[in-house]
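The structure appears below as structure tokens.
Just so it is clear, none of the values below were taken in a lab; they were calculated from the coordinates. Just so it is clear, the model here is predicted, and its values are computed rather than measured. All Cβ positions, even for glycine, are placed from backbone atoms using ideal geometry, and neighbour counts span all protein chains on display.
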């Protein structure tokens, strides 16, 4: 009988030891779960911050692209400016033509007077 109680007490001691070890493991597991939940929450916050930054950048690019001039608008406006410049150039040419005639006549007349004065001064 003494052998049976001894083995029963050994069993009870072993069960107590296992229950204590189980409690320690349970505490460690709970602590690890809490740590994991905190790490997960922190990671989610960082991911949300990063995604928010990406969305802001995407919105900024979208706003910028709306302000860019597309090629069809540029080509149309460029052609319009070329046409206006050509019209102004032709108008300027038509206004300068009569003035050029008077300028050439004036220069020619001054040249004749200069030559005449040179000849007169040579013979005097």
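Computed values, structure above
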| item | result |
| --- | --- |
| Check on residue 7, out of contact with any strand residue (DSSP E or B) (no Cβ under 9 Å at 6 or more places or on another chain) and loosely packed, with under 10 Cβ neighbours inside 10 Å | no |
| Some residue of segment 42-63 being without any contact (Cβ under 8 Å) to a residue 40 or more places away in the chain and either in contact with a helix residue (DSSP H, G or I) (Cβ under 9 Å, 6 or more places away or on another chain) or outside any helix (DSSP H, G or I) (or both) | no |
